Amino acid sequence: MGPVGLVSEVGQATQKGAGWFLQIIAAVSGSLAFFNLIPIPLPLLDGGWIMILIIEKILRREFSQNQKAIAQMIGLAAVLVLFVVVTWGDISGLLQRYF
């Protein structure tokens, strides 16, 4: 579920009561924690930096700043593609539901 689906679910959960709303908030929190640990080298994601540190320890050498910047650009491109695909799926699902 992407951002569009999340907004739809939160709207439905608020109508169902506080228990449903808290479940949605807990699910969002868990999803963000999981996403933060995904091994994609982005400045904001801990998992990517953990992955880079592990690879540096295995290779016994530190990556240059240029190599880290390239890895971050590739990671950013991957996240953007994932965002577009998930958002497209959310919008398609909403359109199918209402039309």
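The values are calculated or read from the model by the stated rules, or taken from the named source; none is laboratory data. Model, not experiment: these values are computed from the prediction. No Cβ is skipped: glycine too gets one built from the backbone with ideal geometry, and neighbour counts run over all protein chains shown.
Annotations for the structure displayed:
- Whenever a residue of the range 84-99 is within 15 Å of Glu9 (Cβ to Cβ) and among the aliphatic types (A, V, I, L, M), its partners that are at pLDDT below 90 and in a helix (DSSP H, G or I), lying with C-beta atoms within less than 7 angstrom and at least six residues away or across chains, give the pairs Ile91/Val4; Leu94/Val4; Leu94/Ser8.
- Some residue of the range 75-90 being out of contact with any His (no Cβ under 7 Å at 6 or more places or on another chain), surrounded by 13 or more Cβ atoms within 10 Å (Cβ to Cβ) and of a type in the set (Asp, Glu): yes
- Scope the range 19-43; condition modelled with pLDDT under 85 and loosely packed, with under 12 Cβ neighbours inside 10 Å; matching residues: Pro43
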